[in-house]
Structures are given as C-alpha cells and as structure tokens.
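A short write-up of the structure that comes next.
What follows is calculated from the coordinates using simple rules that are stated; it is not laboratory data. These figures come from a predicted structure and were not determined experimentally. Neighbour counts are summed over all protein chains in view; Cβ atoms, including those assigned to glycine, are modelled from backbone coordinates with ideal geometry.
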Amino acid sequence: MKIKNSLSVLNKKKKIIFCKKCVNSSLRPRLKFDKNGVCYSCLYSIKKHQKINWKKREQELLYLLDKHRSKNGKHDIIVPSSGGKDSGYVAHILKHKYGMNPLAVSWAPGLYTKIGWLNLMAFCKKIDTFIYVPNRELHSKLSRIAFEEFGDIFQPWQYGMEAYPQKIAIKFNIPLVMYGENQWVEYSGGHLDEEGGENTLIRRKLNQNLRVKSGVDKLIQIGIKKKIFNKNYLKKNMLVDDYRLPSENEASANKTKSYFFSYFKKWIPHQNYYYAAENCGLNCDIERTEGTFTKYASLDDKLDEIYYYFQYLKFGFGRCTSDASCEIRDGYISRKEGVNLVKLYDGEFPLRYLKDSLEYMKMNRKQFDKIVEKFRNKYIWKKNKFKKWELRHKVK
Ligand SMILES: [Zn+2]
C-alpha cells in the first residue's frame, strides 16, 4: 500500500461508499466499484462462482504439473508457507492429488504465536518444510523502522516472504513456485482480468513498489539516517540480501516459474481451513482473533493484530471487514450479519499481544500511542461529543 499517497488522495470531498453486496468500503486501496455500487471483488466473486470453467482450469494445471513433475523424488515445486490453512491445502493437494513433491518454504514471522508454531509443526509432519528464521535483531529493527515510518509493521516480513522462496527455488533448481491466492484479484478486484495464473517477477516487483516503495533498502537507508544501522551495514551484512527479490538475470537464468493456485482451483478460504484441518492436523485458536470473528485464519504472528489495527486507523476498515466480506461472497453469512460483525469487532484495540510486540520492537507504550495518532487518518476520523475518536463513515 502506498501509504502516503493513499492518505493524500483521501479528503472530505471524496465520496465514501460501501459495497451493496459485501461490507467493503471505497477506502480500500485499489478497490473499484461499478455504477451500481458493487465492488470489483464481488464482481470477481460472481465470475468465480458462476462463470469460470474450473474443469478447464484444472486441465491447465495438470498440463503445467505434468511438464515439471520429478521422476527421481527431487522437490519439484515450492509452496511458500506459514503452516496455515491456505498453504496446508495447496501443498497437501499438490502432493496427494497431483503427485508432486512439494517443498514448503517458511519465512518465520516476527513473533510466533503458540498456535501458529504448533500448526507449523503439524504441517511439517506431512510436508517437507524449510523454515528460515532471519536474524531476530535485524528483523526487529527493520520492523520498528517500518512501523514508525509507514505504520506497517509487516513490511520486512512481506519482503522476505516474497523473496526467499524464489531464492530457494534458484538455489535448488526447483522449477515451480505455487502461491495461494492472487490477492489483487480475490480481495481488491482492481481488474477483473486475471493476468493468467502466473506470478511474474515484474508483477512481484510492482507489488513491492506499490506496497512498500523501494523494498528493504529504503528501510536500511532510514535506519542509517536514524543511526540504527551504521553506514557499512549493507556491505557487511549479507543477511539483508535475503529480503531482496532475485535479479531478473538470476530469475531468467534459472527459468523458475511462479503461479497462483487460485487461478487453477476455486479459492474458498473457509473450505481451505476444513481441508487443512482434516489433512494437515491444523487447529483453530481457542479464542477468536482480535479485531474479527474468525479463529482459523492467519494465526501465526503476534504482530498481526497491530498490522490490522493500523489498517483501520489509515483506511477505516479492519480485519473483520475483510473477513466478513469474504464470508458474504462465499455465501457463509448474509450482508446483514456481516454489518453486525463489523460493528462488533472491527478496529478492536490489539491488546492481547501488545506487551510482547512492544518488547519485540523495543518500544514503550507512550511511543506506540504516539505512532497511533501519527497514522490516524484525520479525514476519516472525528472526535465525538465524549471526546472519543469515531469514524465519520460506517457501514450500514
Ligand atoms: Zn463487495
């Protein structure tokens, strides 16, 4: 998300609308609406459930896999994974239905939750997994810089998770990388054409630029300016390179191709959970995730809650809006139920792991609260008569 630009285009004159079918708002970056007030994500969902010929798509998948399936037991496909429901589903089905030999590549989160770690260990019993824990001190510093400067605690993790599976594919000469869903198509629906199933290097670079401008090097530069890193840090610390995408030369010499599984098979997160619970030993959390009603999605990182809370401060929608929209589109709940869930849980303050997260970033509560106000988007928030912050526009 291009935070600064996204905030600057928001002003009181911009009309804020909510989707007629789900609970998405027009403040969601990159999301468009048609003339009837329906978001493009819902339009794609109609196409997904009613129009796409999934048998034909599966044939495309088979054609691709047949070309690359290993005959000697060597890993032939990488599945970027956190041990959660989506990668569990993709890796398991590739192995057991399509006869591939997947290697899951997992870039460790900032702070594992207990349930996230247990799920990853259960996943490892079924699927060969390469877990990389980048230097904790470096990762903590990068997370703090990204948090203070961009209000996005996840930036460093996202760089690593995007880049590292590609590097492993090159290192071990593995021909395919299979990601889960194409988020642009499934959740932003910025364009209804799906660009085919391929996740090209150019697309990944564009994605990084949209979200985070210039990648990890920007964070390092800021860190040097703030004297968090010394000037020679980049030269001496090759670990930073693990956060960078491979060069075009490296990628094209290796010929590894990357795809989204959601192009080939209908992507329904709820069903992925049931599949992974049955086949990969995945468990849901004992309590619902803060800020939403679900307890089975994205459970592995204690920093998650802060990330989604900041999305709420910047764009006025939290994790519950995204989860409810998804469940409405897939027919699990009605829009009315979705609206009520948003009212109940969206933007809930991230208390559960706050202490751990602050310790991780070496930050105190006062500093945290200051950053909260720095990123609260004043175009969409106002103080009510009780002097409490309130969103100007709420879904109805
Ligand atoms: Zn919608």
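Before moving on, here are some points about what is shown:
- Three-way shape label, the chain, alpha-carbon gyration tensor, a/c 1.5: oblate
- Rounded, prolate or oblate (a/c below 1.5 giving rounded, otherwise prolate when a/b exceeds b/c) for region 83-194 by Cα gyration tensor: oblate
- Cα gyration tensor shape for region 315-396, rounded if a/c is under 1.5, else prolate or oblate: oblate
- Estimated inter-spin distance, Asn279 and Asn36, nm [label 7 Å along Cα→Cβ]: 3.5 nm
- Full-stretch length increase - Ile17, Asn72 - with 0.36 nm per residue and alpha-carbon distance subtracted: 14.3 nm
- Packing around the peptides 256-268, 36-48, taken as the average count of other Cβ atoms within 10 Å per residue, puts them in this order, highest first: 256-268, 36-48.
- Over 23 Å between alpha carbons, listed pairs Lys47/Lys126; Lys302/Lys366; Lys20/Lys51; Lys21/Lys56; Lys114/Lys266; Lys97/Lys126: Lys47/Lys126; Lys21/Lys56; Lys114/Lys266
- Check: the chain dipole with +1 on Lys, Arg Cβ and -1 on Asp, Glu Cβ, in debye: 1780 debye
- Using C-alpha pairs under 8 Å with a sequence gap of at least 6, the mean separation divided by the residue count of the chain gives a relative contact order of 22 percent.
- If R0 is 41 Å, the Cβ-Cβ spacing of Lys231 and Lys51 corresponds to a FRET efficiency of close to 0.15.
- The charge dipole of region 221-333, taken about the Cα centre with unit charges on the Cβ atoms of Lys, Arg (+1) and Asp, Glu (-1), comes to about 780 debye, rounded to the nearest 20.
- Magnitude of the charge dipole for region 51-264, about its Cα centre and with charges confined to Cβ atoms of Lys, Arg (+1) and Asp, Glu (-1), is about 540 debye.
- Scoring 177-184, 91-98 by mean Cβ neighbours within 10 Å over their residues and listing the highest first yields 177-184, 91-98.
- Candidates Ile328, Ile115, Ile228, ranked by Gaussian network fluctuation over the chain, Cα under 10 Å, top entry: Ile228
- Order of Leu341, Leu239 - criterion: other Cβ atoms within 10 Å of each residue's Cβ, fewest first: Leu239, Leu341
- Separation of the Trp117 and Phe172 label points, Cα + 7 Å toward Cβ, nm: 2.4 nm
- Dipole of region 51-264, positive end: most advanced residue of Pro175, Trp54, Val105 [Cβ charges, Cα centre]: Val105
- Ranking of Arg30, Arg329 by count of other Cβ atoms within 10 Å, fewest first: Arg30, Arg329
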